[in-house]
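Participant: Right, I'll just put the structure down here and ask away after.
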Amino acid sequence: MSDALNYLVAVRGDALGHYFKFLKDTGKHLDPKTRDLISVITKVHSQTESGFKQYLMRALRDGCTPMEIIDALLMAFPALGLAKIVWATEILLEMDMPEFKPELINSLPQWRDVMAVADIADGEVKRVDCGARTVFVYREGDRYKVYDSHCPHQVTNIPHLALEGKTLTCPKHHWKFDIATGACIAVGKHPLKSFETKVEAGRLLALW
Ligand code: FES
């Protein structure tokens, strides 16, 4: 929620409460993904960038695929018009999310080569460029964790410099993550996006 809405809730929560109850009730017969997609469209219609990013992230967390989001924008063409669809697409491109890249958007999840296990020591963290996606890799004995380098808040691409010990801090709004589990441990509430892993012939593979 924006600072302005937080302020209005703090000083006139009695009035604003009706508005939020209204919003909640209006979607109660819709499944979460449909609600999310409608919310995304409303933010594109009002051209509210932070709201668009917020609802976009929620839609992805709730299981909407990038293609479903693009379809929703295109289906709303009669209301949005091309200019607003292009406005939203430009923001999507700036966000540089791997899932929306042409080489990933239509591909089914598959095992992808990340690195040689010999190149990462026990307890070490590495940031690895895997083409369309950059990941953080953490090794604990024979256990490997692989996370997308993008912050789950507003997809800032977190640099390696953001790592201190086992804590990764996003430079944008300072959400903190435990690199051993991916959990968000301060400020925010959503974990790093993690991928299933396996080791084959000395290579670490991850599924995306
Ligand atoms: S983008 Fe906001 S904390 Fe990372």
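Participant: Only one of Pro109, Pro78 is surrounded by fewer than 16 Cβ atoms within 10 Å (Cβ to Cβ) and either at positive phi or part of a helix (DSSP H, G or I) (or both). Can you tell me which?
Facilitator: Result: Pro78 is the single residue among Pro109, Pro78 that is surrounded by fewer than 16 Cβ atoms within 10 Å (Cβ to Cβ) and either at positive phi or part of a helix (DSSP H, G or I) (or both).
Participant: Another one. Report, by residue number, each residue of the range 180-208 that is within 15 Å of the ligand (Cβ to nearest atom) and outside any strand (DSSP E or B).
Facilitator: Gly182, Ala183, Val187, Gly188, Lys189, His190, Pro191, Leu192, Lys193
Participant: While we're here: Quick one: which of Val9, Val117 is more than 20 Å from Pro152 (Cβ to Cβ), surrounded by 12 or more Cβ atoms within 10 Å (Cβ to Cβ) and in contact with a strand residue (DSSP E or B) (Cβ under 7 Å, 6 or more places away or on another chain)?
Facilitator: Val117
Participant: Here's another thing I want to ask about it. Considering the range 149-179 alone, what residues qualify as being away from the ligand (no atom under 12 Å from the Cβ) and assigned to a strand (DSSP E or B)?
Facilitator: Scanning the range 149-179 gives Leu163, Glu164, Thr167, Asp178.
Participant: Follow-up. Hey, any hits in the range 116-133 for a residue that's at positive phi, more than 15 Å from the ligand (Cβ to nearest atom) and under 21 Å from the mean Cα position of the chain (by Cα)?
Facilitator: Within the range 116-133, one or more residues are at positive phi, more than 15 Å from the ligand (Cβ to nearest atom) and under 21 Å from the mean Cα position of the chain (by Cα).
Participant: Listed residues Tyr138, Tyr55, Tyr144; which is outside any loop (DSSP other than H, G, I, E, B), surrounded by 17 or more Cβ atoms within 10 Å (Cβ to Cβ), modelled with pLDDT under 95 and of a type outside the set (A, V, I, L, M, F, W, C)?
Facilitator: Every option except Tyr55 fails the conditions.
Participant: Before we move on, is Thr42 open to solvent by 50 Å² or more (accessible area, probe 1.4 Å) and under 20 Å from Glu90 (Cα atoms)?
Facilitator: Yes: the conditions hold for Thr42.
The values are calculated or read from the model by the stated rules, or taken from the named source; none is laboratory data. Quick caveat, the model's predicted, so the values are computed rather than measured. We place every Cβ from the backbone using ideal geometry, glycine too, and count neighbours over all the protein chains shown. SASA here: full protein model, heavy atoms, side chains in, ligands and nucleic acids out. Shrake-Rupley method; radii C 1.70, N 1.55, O 1.52, S 1.80 Å.
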